[in-house]
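Right, one structure below, let's go through it.
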Amino acid sequence: MTRNVISVRDLHVSLSLGGNTVTPVDGISFDVRAGESLGIVGESGSGKSLSLRAVLGLLPRGGTSTGSVRYAFADGKIGADAERVRGRGAAMVFQEPMTALNPTMRVGDLIGEAVRVTGVRSRRAIKERVIELMASVGIPEPARRARMWPHELSGGLRQRVMIAAALATGPEILFCDEPTTALDVTIQDQILGLLRGLQEERGMAMVFVSHDLAVVSEVCDRIAVMYAGRVVETGPVAEVLRSPRHPYTAALLASAPSFAGGTDELATIPGSPPDPRDFPSGCRFAPRCAFATEECLRAPYTLDGDGERATACIRPEVLEAVAA
Ligand SMILES: Nc1ncnc2c1ncn2[C@@H]1O[C@H](COP(=O)(O)OP(=O)(O)OP(=O)(O)O)[C@@H](O)[C@H]1O
Ligand SMILES: [Mg+2]
């Protein structure tokens, strides 16, 4: 049995929104094994970013979380304190490198800060390590670019800088929050190729948040589909995308260009995802689900399954009937 680098159980994240407390992440659980890549997908607002931030102790001001988050690293150290784990065994790559990188620091100094955390002290050693890291993520002429400001680099190079900084501490798990959505398609492919290569080379685990099923199917081993703050389906990515057991997964697939079976007309999911101030009772997807019954509107949330696969749908067989 491979070790779980991270085990998350019943994670809730609450925030204050216009004077009310809302819980946009409402009881999610997942594991990521050493060297494995988990994709988290779901529409905008489903709680993907807040989940990642919570497990890394990076919640926005006023945000609180409950539940258990345990890291277990190769050296046998088990961590429960997200803030102490960050910058050691775990690191994060954010969606928009321009806002995530401090604009008043030269690129080399930004990466240098991360190198310093690892205990390297002499300026010369830091500089050498920075250039080595920049080269390892495919930044050409690293010595020259280390002296540049973030705004002087292209979006793709900025994202490579952020990845280099994340790798400085030799993380065993890398959290990526939509790391390529701000980039054009060619650059996106290059960055995905880089992440996959690094993951293989270093045996690093990865949690990869994206709204793009095609990207997740390319990069990830397993998938967790989130809807309205909960995981509604999970399993090996190829199996889940071949035969979804939750109507929400099926609807996402039907609206994804690369999976909709070559039809020009993509189905859109009717309605919009619910606001955390107003989550429906019962199955939260039921109001938008083509298969919902009265029972669905009252069904308590549980993620049930066999072996690797699980679904929160109480009637997953309806999808098999449709497929047949
Ligand atoms: N700082 C905040 N204050 C109040 N509400 C917030 C805050 N951050 C997020 N939310 C709310 O929490 C919910 C989940 O947000 P989150 O950013 O995790 O979604 P997401 O799945 O990452 O979406 P996207 O695909 O758009 O990035 C949303 O409804 C959002 O409006
Ligand atoms: Mg997000």
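Within the stretch 99-129, if we keep just the residues that are surrounded by 14 or more Cβ atoms within 10 Å (Cβ to Cβ) and under 20 Å from the mean Cα position of the chain (by Cα), the residue that is modelled with the highest pLDDT turns out to be 101. Residues of the stretch 289-321 that are in contact with a Phe, Trp or Tyr (Cβ under 9 Å, 6 or more places away or on another chain), modelled with pLDDT of 95 or more and not in a loop (DSSP other than H, G, I, E, B): 296 alone. Just one of the numbered conditions (1) within 16 Å of ligand 1 (Cβ to nearest atom); (2) surrounded by 14 or more Cβ atoms within 10 Å (Cβ to Cβ) is not true of residue 60: (2).
Taking the stretch 267-324, which residues are in contact with a His (Cβ under 8 Å, 6 or more places away or on another chain) and among the hydroxyl-bearing types (Ser, Thr, Tyr)? Of everything in the stretch 267-324, just one residue is in contact with a His (Cβ under 8 Å, 6 or more places away or on another chain) and among the hydroxyl-bearing types (Ser, Thr, Tyr), namely 311. Selection over the stretch 130-141 of residues that are more than 28 Å from the chain's Cα centre (by Cα) and surrounded by 14 or more Cβ atoms within 10 Å (Cβ to Cβ) gives a count of 0. Which ones in the stretch 10-37 are more than 10 Å from ligand 1 (Cβ to nearest atom) and touching a His at 6+ places or on another chain (Cβ under 7 Å)? Scanning the stretch 10-37 gives 26, 27.
Looking only at the stretch 185-197, count how many residues are surrounded by fewer than 18 Cβ atoms within 10 Å (Cβ to Cβ) and under 18 Å from the mean Cα position of the chain (by Cα).
4
Given the criteria out of contact with any helix residue (DSSP H, G or I) (no Cβ under 8 Å at 6 or more places or on another chain), under 30 Å from residue 272 (Cα atoms) and surrounded by fewer than 19 Cβ atoms within 10 Å (Cβ to Cβ), does residue 66 qualify?
Judged against the criteria, residue 66 is a match.
Against the list (1) out of contact with any His (no Cβ under 9 Å at 6 or more places or on another chain); (2) among the basic types (Lys, Arg); (3) under 16 Å from residue 224 (Cβ atoms), the condition residue 3 fails is (3). Scanning the stretch 183-212 for residues that are of a type in the set (Gly, Ala, Ser) and within 16 Å of ligand 1 (Cβ to nearest atom) turns up just one, 210.
When only residues in the stretch 22-34 that are of a type in the set (A, V, I, L, M, F, W, C) and in contact with a helix residue (DSSP H, G or I) (Cβ under 9 Å, 6 or more places away or on another chain) count, which is nearest to ligand 2 (Cβ to nearest atom)? This residue is 25.
Residue 73 satisfies every condition listed in (1) under 19 Å from the mean Cα position of the chain (by Cα); (2) away from ligand 2 (no atom under 16 Å from the Cβ); (3) not aliphatic (A, V, I, L, M) except (1).
Among the listed residues 37, 14, 51, which satisfies the condition of being buried (at least 18 other Cβ atoms within 10 Å of the Cβ), modelled with pLDDT of 95 or more and within 16 Å of ligand 2 (Cβ to nearest atom)?
On the way: 37 fails: within 16 Å of ligand 2 (Cβ to nearest atom); 14 fails: within 16 Å of ligand 2 (Cβ to nearest atom).
None of the other options fit; the residue is 51.
Residues in the stretch 125-167 that are without any contact (Cβ under 8 Å) to a residue 40 or more places away in the chain and outside any helix (DSSP H, G or I): 4 in all.
The values are calculated or read from the model by the stated rules, or taken from the named source; none is laboratory data. Note that this is a predicted model, so its numbers are computed, not measured. Glycine gets a Cβ as well: all are built from the backbone with ideal geometry, and neighbour counts include every protein chain shown.
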